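First up is the structure itself, then whatever we jot down about it.
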C-alpha cells in the first residue's frame, strides 16, 4: 500500500475537477499542485499568504474568498472560472494598469510579465478607466540592477523576499491607500546604498518590470518569451509548486493566445 495515499486522500472540487490536497494547504496551493490555474499576482509558494492582489478570489460554497489564504477542506465546492469572477478580476487588472505607467510595447518585461499575461487570459481589451500617469522615479544607481517604479503593482513580493528569504529588508511599502508606494530602505533611497545583490531572492521575484538586470535588455526577442509561447493558464511559473513542463502547451492554446494578442494589437 502506498504510504502517501491517506495523506492525499482528501479532495475538493474546482470548477468540477477533483483536486486532492494535503492538510494545511490553501486552495491555490492544491490547485497549482494539480495543474489547475487560478489567476494571481502576489502569491508565492515560499512566502506566507498575503492576499493583497485579490485576483485569486474564488467562490467557496457560494461565498467569495481569497484562495491564497483559505485552507482547503474536504468536500469544498470551489468555483474560479466564472463570468462574474473573471469580470471582477478584469476590473482589478485594469485598475492596476491605470494606477501605474505600463507601456507594454516598449517594456523589457513584455512577454515575461505576469500582469500582461493575466490581462490576456482575462480578455482585457482596454484599460477602461482613466490613467493616473503618476510621476514615479527610476533608480539606476546600482551597478547591476535598474529599478523602474512606474511598473510597481504593490504585490510586495520583493519586500517579502528581501525580508523573509534574504534577511536584508532592502524594500518596503510606504504611505497609505492610493499613496502607497514601493521604497528602498536606505537613507538616500538609492538601491546602490543597500546590500542588494544579484543572488538575492528579491532580484528575481518581481512579476512585472520593476527590478531589471542591467546589460541584458531584450536579450530574448519579443515573440520568443515565456508568455509569447504559452498562455499563463497553461504555463505555471517554474517557481510555483506543480509547475507544468515547458513543452506541455496544447497547440490550440498557443493559437488562441496568439489570436487574442493579434486582436488586441489590431484594436489598439
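Kindly indicate whether any position in the stretch 75-97 is touching a residue at least 12 places away in the same chain (Cβ under 8 Å), in contact with a strand residue (DSSP E or B) (Cβ under 9 Å, 6 or more places away or on another chain), over 19 Å from residue 231 (Cβ atoms) and buried (at least 19 other Cβ atoms within 10 Å of the Cβ).
Within the stretch 75-97, one or more residues are touching a residue at least 12 places away in the same chain (Cβ under 8 Å), in contact with a strand residue (DSSP E or B) (Cβ under 9 Å, 6 or more places away or on another chain), over 19 Å from residue 231 (Cβ atoms) and buried (at least 19 other Cβ atoms within 10 Å of the Cβ).
Can you tell me which condition residue 136 does not meet? The list is (1) modelled with pLDDT under 95; (2) in a loop (DSSP other than H, G, I, E, B); (3) closer than 26 Å to residue 226 by Cα, and all the others hold.
(3)
Kindly indicate which of 73, 87 is assigned to a loop (DSSP other than H, G, I, E, B), at pLDDT 95 or above and under 30 Å from residue 12 (Cβ atoms).
On the way: 87 fails: assigned to a loop (DSSP other than H, G, I, E, B).
Exactly one of 73, 87 is assigned to a loop (DSSP other than H, G, I, E, B), at pLDDT 95 or above and under 30 Å from residue 12 (Cβ atoms), namely 73.
Looking at this structure, is residue 67 within 26 Å of residue 229 (Cα to Cα), crowded, with 17+ Cβ neighbours inside 10 Å and modelled with pLDDT of 95 or more? Please lay out each step first, then the result.
Values: within 26 Å of residue 229 (Cα to Cα): no; crowded, with 17+ Cβ neighbours inside 10 Å: yes; modelled with pLDDT of 95 or more: yes.
It is false that residue 67 is within 26 Å of residue 229 (Cα to Cα), crowded, with 17+ Cβ neighbours inside 10 Å and modelled with pLDDT of 95 or more.
Quick grid of which residues meet (1) in contact with a strand residue (DSSP E or B) (Cβ under 8 Å, 6 or more places away or on another chain); (2) more than 20 Å from residue 226 (Cβ to Cβ); (3) touching a residue at least 12 places away in the same chain (Cβ under 8 Å):
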position: 20; (1), (2), (3): yes, yes, yes
position: 49; (1), (2), (3): yes, yes, yes
position: 53; (1), (2), (3): no, no, yes
position: 106; (1), (2), (3): no, no, no
position: 114; (1), (2), (3): no, no, yes
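How many residues, within the stretch 170-194, are within 24 Å of residue 114 (Cβ to Cβ), part of a loop (DSSP other than H, G, I, E, B) and touching a helix residue (DSSP H, G or I) at 6+ places or on another chain (Cβ under 9 Å)?
The number of residues fulfilling the criteria is 1.
Every residue, every condition in (1) surrounded by 16 or more Cβ atoms within 10 Å (Cβ to Cβ); (2) more than 18 Å from residue 138 (Cα to Cα), yes or no:
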position: 99; (1), (2): yes, no
position: 107; (1), (2): yes, no
position: 114; (1), (2): yes, yes
position: 123; (1), (2): no, yes
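From the list 223, 242, 209, 217, exactly one residue is in contact with a strand residue (DSSP E or B) (Cβ under 7 Å, 6 or more places away or on another chain), in a loop (DSSP other than H, G, I, E, B) and either at pLDDT 85 or above or farther than 22 Å from residue 159 by Cβ (or both). Which is it?
On the way: 223 fails: in contact with a strand residue (DSSP E or B) (Cβ under 7 Å, 6 or more places away or on another chain); 242 fails: in contact with a strand residue (DSSP E or B) (Cβ under 7 Å, 6 or more places away or on another chain); 217 fails: in contact with a strand residue (DSSP E or B) (Cβ under 7 Å, 6 or more places away or on another chain).
The match here is 209.
Quick grid of which residues meet (1) assigned to a strand (DSSP E or B); (2) within 19 Å of the chain's Cα centre (by Cα); (3) surrounded by 15 or more Cβ atoms within 10 Å (Cβ to Cβ):
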{"position": "131", "(1), (2), (3)": "no, no, no"}
{"position": "142", "(1), (2), (3)": "no, no, yes"}
{"position": "146", "(1), (2), (3)": "yes, no, yes"}
{"position": "160", "(1), (2), (3)": "no, yes, yes"}
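Hey, which of the strands (runs of 3 or more DSSP E) in the stretch 1-62, taking only ones fully inside, have at least 1 residues that are at negative phi, modelled with pLDDT of 95 or more and touching a helix residue (DSSP H, G or I) at 6+ places or on another chain (Cβ under 6 Å)? Give the steps one after another, and end with the answer.
Working: elements: 10-14, 17-21, 57-60.
Of the strands (runs of 3 or more DSSP E) lying wholly inside the stretch 1-62, those with at least 1 residues that are at negative phi, modelled with pLDDT of 95 or more and touching a helix residue (DSSP H, G or I) at 6+ places or on another chain (Cβ under 6 Å) span 10-14, 17-21.
The values are calculated or read from the model by the stated rules, or taken from the named source; none is laboratory data. Computed from a prediction, not measured in an experiment: that's the story for all the values here. No Cβ is skipped: glycine too gets one built from the backbone with ideal geometry, and neighbour counts run over all protein chains shown.
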